[in-house]
1. Would you be able to say whether some residue in region 433-440 is at pLDDT 95 or above, in contact with a Lys or Arg (Cβ under 8 Å, 6 or more places away or on another chain) and buried (at least 16 other Cβ atoms within 10 Å of the Cβ)?
2. State whether one or more residues within region 322-331 are modelled with pLDDT of 95 or more, buried (at least 24 other Cβ atoms within 10 Å of the Cβ) and assigned to a helix (DSSP H, G or I).
3. Taking the condition at pLDDT below 90 and closer than 26 Å to residue 448 by Cα, does residue 233 pass?
4. What do you reckon, is residue 258 modelled with pLDDT under 95, of a type outside the set (S, T, N, Q) and crowded, with 23+ Cβ neighbours inside 10 Å?
5. Sort through 195, 221, 274 and tell me the only one that's surrounded by 18 or more Cβ atoms within 10 Å (Cβ to Cβ), in contact (Cβ under 8 Å) with a residue 24 or more places away in the chain and on the phi < 0 side of the Ramachandran plot.
6. So, in region 248-268, how many residues would count as being farther than 22 Å from residue 437 by Cβ and out of contact with any helix residue (DSSP H, G or I) (no Cβ under 8 Å at 6 or more places or on another chain)?
7. In the set 146, 116, 110, 125, which member is in contact with an Asp or Glu (Cβ under 7 Å, 6 or more places away or on another chain), of a type outside the set (Val, Ile, Thr) and under 30 Å from residue 195 (Cβ atoms)?
Amino acid sequence: MPSRRKHPESAPSEREENRLKELASEPAKSLAVLVVTAAMVGLGTGFVAAGFRKTLDYADDIRGAVLNWTGDVGWYGIFIAIAVPAILTAAAAGMVRRWEPIAEGSGIPRVEATVRGDVPPSRVRLLPVKFVGGVAAIGSGLALGREGPSVHMGGAVATILGRIFHTNKADLRLLIAAGAAAGLTTAFSAPLAGAVFVLEELVKKFEARMTVAVLTASGGAFVVVHQMLGDQVMFPLPPVEPASLKHAPVILITGLLAGAVAVFYNSSLMRLLAIVDTSRIPVELRAAFIGGMVGLVGWFAPDMVGGGDNLTFGALLGHGTLAVAVGILVLRFVLAVGSYLALTPGGLFAPMLVLGAEIGVIVSLAANYVVPGSAPHPGTLAIMGMAAFFAASVRAPVTGLVLTAEMTGAVSLLPPLLGICAASIFVAEFFKAQPIYDALADRSARLAERNERALDQREKSADISV
């Protein structure tokens, strides 16, 4: 009996079916690889950023000891208090200028541009420049935050790991966003805020693969934070006094005031940066002057300089008088803006939190003086002021709400926080104030364009001379 022959199309059909199965499994495999790599990015960033945070704590202790010593050695101690931060700040600015100019400032706008694909990923050298320069600048007393450098270094860690594992360009950008989330998570021990900030501010969308990568990296970083720094919230507070409906008018006023100060803060910073960008004063000389002035302030008032976590915590506890709170607000405003002009590594989050918290304390004390019982406890309104100032300056209200809740544990204040953030954003929108990170990104684009024109002009001049 003759054997039955297979239909000539049966074999190709089987191969095609197998290929379709392979194609169907590829997205799942790709997502699994992305999740594993994102977890490694989170762990790596957590280790680097937690190390950065601990080193800054040591630097703060050393600065405090030096300032105490200079106060005990006589009149010449003031010169030491001025010279040390001047030298360190100049060194940090010079390091950035010579070795990695993109390490200047916060770094968050640069990460955002990288995630969008507008600029290439950072080089390996960014990590040591950002780490050492940040420790030198912030440790010397500049009123800058650790979160910007942490976010930028997180993106650098992601770039390094992505290249090691030959990640494609699209997934590399996802990993850089995930590294940024891990950096912010580590800076404030706030994993939800780290993830939400990246999705709300950096990428401005909740796409599935991006969300999975960001959440995974934030979780990985928080594991490291838990092991290296403990599981305590950033600002451990006693039970927070709740806000009632009778406090609504004062809460609204606080939001409007925080929005107005945030608009002035953004405008002042960008206008002064525009002057600095056209200045012929050498970067190191300007940085030394700024560092020296900060050192002078530190000699008279050691608690006023540095990142400002101590000031924020004091405000959240409701400490101080109305006059003291006003003094802190004015002085820290000047220090925050002036410190950023040194063009060293350093972020904006922490200085914003100080300003917002002090605004809350001021309004609470003033309102209760005029009409007793009309305002919540100063610490309660300080928490709200933090969120309101951040929301108006950055225009990332959800991040402000989540960050404030995670840092203080005051989840019960979320309802009034919604209202106060809405009020502060209303003011910022009314004055058509540009969000601070958008403004900084535009500045970076202008500087890059100016440098390209200067390079073209030099090349043309060289051709003419030849």
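1. Within region 433-440 (the criterion being at pLDDT 95 or above, in contact with a Lys or Arg (Cβ under 8 Å, 6 or more places away or on another chain) and buried (at least 16 other Cβ atoms within 10 Å of the Cβ)), the answer is yes, since at least one residue qualifies.
2. So far as region 322-331 goes, yes, one or more of its residues are modelled with pLDDT of 95 or more, buried (at least 24 other Cβ atoms within 10 Å of the Cβ) and assigned to a helix (DSSP H, G or I).
3. Working: at pLDDT below 90: yes; closer than 26 Å to residue 448 by Cα: no.
Against the criterion (at pLDDT below 90 and closer than 26 Å to residue 448 by Cα), residue 233 does not qualify.
4. Considered against the rule, which asks whether it is modelled with pLDDT under 95, of a type outside the set (S, T, N, Q) and crowded, with 23+ Cβ neighbours inside 10 Å, residue 258 comes out as no.
5. Checking each option against the conditions leaves just 221.
6. 1
7. When all the criteria are applied, what remains is 125.
Listed here are the residues, each with its yes/no results for (1) modelled with pLDDT under 95; (2) touching a strand residue (DSSP E or B) at 6+ places or on another chain (Cβ under 7 Å); (3) farther than 19 Å from residue 242 by Cβ.
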position	(1), (2), (3)
354	no, no, yes
358	no, no, yes
378	no, no, no
409	yes, no, no
413	yes, no, no
429	no, no, yes
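The values are calculated or read from the model by the stated rules, or taken from the named source; none is laboratory data. Please read all numbers here as calculations on a predicted model, not as lab measurements. In this analysis, Cβ positions are derived from the backbone assuming ideal geometry, glycine residues included, and neighbour counts consider all displayed protein chains.
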